[in-house]
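Accompanying notes for the structure given below.
The values are calculated or read from the model by the stated rules, or taken from the named source; none is laboratory data. As the structure is a prediction and not an experimental result, all values here were calculated from the model. Note: ideal-geometry Cβ built from the backbone for every residue, glycine included; neighbour counts use all protein chains shown.
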Amino acid sequence: MAGARFIVQADGGSRGNPGPAGYGAVVLDARTGEILAEAAEYIGRATNNVAEYKGLIAGLKAARELDPDAPVLVEMDSKLVVEQMSGRWKIKHPDMQPLAAEARGIAGRGKVEYQWIPREKNKEADRLANEAMDAGRQGRQWEPRAARAAAPAPAMDEPLPAAPAPRVGWAGPADLGTPTTLVLLRHGETPLTPLRQFSGSTGSDPGLSEKGVWQAERTAEALAARGTVQAVVSSPMLRTRQTAEAVARRLGLDVRIEEGLRELDFGAWEGLTFAEVMERHPEDLTAFFGSAKAKPTGSAESLTTLAHRAGQARDRILARYPGRTVLVVSHVSPIKTLVRLALGAPPDAVHRMELSVASLCAVQYYSDGNASLRLLNDTSHLR
């Protein structure tokens, strides 16, 4: 194909991350947009990132079979793969390194460039990846459309194979059964954070600062490399939604909003520094630190009230995602409260915990009601 130029669009997915996974890729004529080749495959149990890399490899192979010397523009909605293959991000995860090396080896003599595109512009590759995963769920491999048209349809009453049990990233004692793991992420920095101003659920609802966006992206990169998060749940506040969306985009997941994860209502303290509250409302502040039933000035909530709604939110998440690893993006007070409840510690224990912005905690919950704190205030991913 003399003078050919190709666009490779590739995608991969995992229903569980890790879970049943597949990839899809198309090769397009760069001039006409015509689809020249398709590839897809069910690859068994894998993470989103592994599936995305395998989609890239399949797309490059298909392009090179058409013309080994043609320039190729790779378009993917995985920022991780695009940035790593462009050489701007390091490839630290051992599962990704050989896949990236294989993709580079396929490039051959032709020039290959990488470009991120939004998911809605990667529909063909996404469709193929989902077709491959659907085929795997039915106990078969994906076939091109021409081959499927000639093949008899499977019996509708044929039983489907059972889905494999989800893997848990922070492993607990096996004899207690598969736990549900909540990875608790405090949102990134906002403009109020460096000023140490109270920022609850009834104030200005600030978004992330520039540094906060960076923290969210670094956290997303770290969690994507770990490859264990299977669902993302967030407080409705803007700062938590922005943090959760950064991670969810990287993992190829949706964000589910849970109202019970919102921050405490700080009433008249909203937007004030600790020193300003001490000056204006000294008795209320002293009472707040002395009793879990005391409320900030003008607020309808106490730490006792917060513990009740945060506990209910936790129970809803556990019921919805049994045996899975869930990223829960919330705030200082709810996260400290969930940690306290997991430990069975007294209410005033929340005042004795440090919880940095964009820090990670992890708690595992077992079917017999026991809980185990696995991680507290981890910020290693930000260094």
**Request:** Taking the residues in the range 228-252 that are among the polar types (S, T, N, Q) and under 26 Å from ASP95 (Cα atoms) as candidates, determine which candidate is modelled with the highest pLDDT.
**Result:** THR243
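To keep it simple, each residue is scored yes or no on (1) touching a helix residue (DSSP H, G or I) at 6+ places or on another chain (Cβ under 9 Å); (2) closer than 23 Å to GLY139 by Cβ; (3) modelled with pLDDT of 90 or more; (4) among the hydroxyl-bearing types (Ser, Thr, Tyr).
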residue	(1), (2), (3), (4)
ALA10	yes, no, yes, no
ILE43	yes, yes, no, no
VAL72	yes, no, yes, no
SER78	yes, no, yes, yes
GLN84	yes, no, yes, no
GLY87	no, no, yes, no
**Matching residues in the range 106-131 - criterion: being of a type outside the set (Lys, Arg) and modelled with pLDDT under 90** = ILE106, ALA107, GLY108, GLY110, GLU120
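Look at ASP368 and say whether it is assigned by TED's automatic domain parsing to the domain that holds HIS187, more than 20 Å from the chain's Cα centre (by Cα), more than 26 Å from LEU208 (Cα to Cα) and among the acidic types (Asp, Glu).
When the stated conditions are applied, ASP368 passes them.
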**Message:** Looking for something within 23 Å of ASN130 (Cβ to Cβ), surrounded by fewer than 21 Cβ atoms within 10 Å (Cβ to Cβ), touching a residue at least 12 places away in the same chain (Cβ under 8 Å) and small (Gly, Ala, Ser) - is there at least one such residue anywhere in the range 41-53?
**Reply:** yes
**Prompt:** Out of all the residues in the range 88-103, which are assigned to a helix (DSSP H, G or I) and in contact (Cβ under 8 Å) with a residue 12 or more places away in the chain?
**Reply:** MET96, LEU99, ALA100, GLU102, ALA103
